[in-house]
């Protein structure tokens, strides 16, 4: 009976409905109605199919906070398989305290597992923000900053990626919609080992989509602009100077190898971002706060990098 239903919802007729821009919910309704009338599945199972189809149709935007957390943990594990964490408790405590403080001023101050920040022991100029709020920053990137405001600018940009859920948007829609071809999405009580393996493959592919975007291809120029705009807003709310983001980018522009495999390969040119940020900050005047105390904290925590 399970096999027959899989045939029903994957017939050429259903494919034609999809091609004709029918929503996944419409397709699932059609398949569930046919299967119920022919006795292939129960009405309870049909309703489960409809609910699952609606969830899939909404795509990555409606991935739950808990699901986002586990996806982000998996992405983080891949990153830590490629980079060594920097073993300095004071330095990591400093960026965690600073990063979590900044996150309070973002549009997503609370996440399922909370924000966490980790320095990577690499001279590359790079950073990675997983969907769940795990932010990795290399020593090379932190060394572009010469003040706490500069470090805050780096972290605020990465928080911006989490805020806009750019990592989840990297999952190919086809991976999410492919799950509809398996009855396993209606509940594991109806799933065979083959169907569970299919969903596992889909999940693994989603993780690969995100990590390939973070490490190899990078986000779009539009996504980077959104993260910069979020950083400006967060920094202003938290009392840090958003002009520090320009200072970091100017130093990055001086140090980046245009042919490199780090920020140069995955981000828009610093000069482009600087121009956009200056346009955003036109007319803004910053009032400095506790600069000496901040500089002392910065030097004590990151002076050994």
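Just to be sure before I move on: is residue 172 at pLDDT 95 or above, over 18 Å from residue 103 (Cβ atoms) and either surrounded by fewer than 23 Cβ atoms within 10 Å (Cβ to Cβ) or outside the structural domain of residue 92 (by TED's automatic domain parsing) (or both) in the structure I sent? Talk me through it step by step, then tell me what you get.
Values: at pLDDT 95 or above: no; over 18 Å from residue 103 (Cβ atoms): yes; either surrounded by fewer than 23 Cβ atoms within 10 Å (Cβ to Cβ) or outside the structural domain of residue 92 (by TED's automatic domain parsing) (or both): yes.
For residue 172, the condition - at pLDDT 95 or above, over 18 Å from residue 103 (Cβ atoms) and either surrounded by fewer than 23 Cβ atoms within 10 Å (Cβ to Cβ) or outside the structural domain of residue 92 (by TED's automatic domain parsing) (or both) - is not met.
Please report, ordered by residue number, the strands (runs of 3 or more DSSP E) entirely within the range 89-167 with at least 1 residues that are within 19 Å of residue 68 (Cα to Cα) and not assigned by TED's automatic domain parsing to the domain that holds residue 232.
Working: elements: 116-120, 127-129, 134-138.
In the range 89-167, no matching strands (runs of 3 or more DSSP E) lie anywhere.
For the range 77-95, state whether one or more residues are crowded, with 19+ Cβ neighbours inside 10 Å, touching a helix residue (DSSP H, G or I) at 6+ places or on another chain (Cβ under 8 Å), modelled with pLDDT under 95 and under 19 Å from residue 244 (Cα atoms).
no
Could you grab me the full set of residues in the range 110-125 that are surrounded by fewer than 18 Cβ atoms within 10 Å (Cβ to Cβ) and modelled with pLDDT of 95 or more? I'd like the intermediate steps shown before the answer.
Just the residues of the range 110-125 that are surrounded by fewer than 18 Cβ atoms within 10 Å (Cβ to Cβ), to begin with: 110, 112-114, 121, 123-124.
Answer for the range 110-125, where residues must be surrounded by fewer than 18 Cβ atoms within 10 Å (Cβ to Cβ) and modelled with pLDDT of 95 or more: just 121.
The values are calculated or read from the model by the stated rules, or taken from the named source; none is laboratory data. The structure presented is a predicted model; accordingly, all values stated were derived computationally and were not measured. No Cβ is skipped: glycine too gets one built from the backbone with ideal geometry, and neighbour counts run over all protein chains shown.
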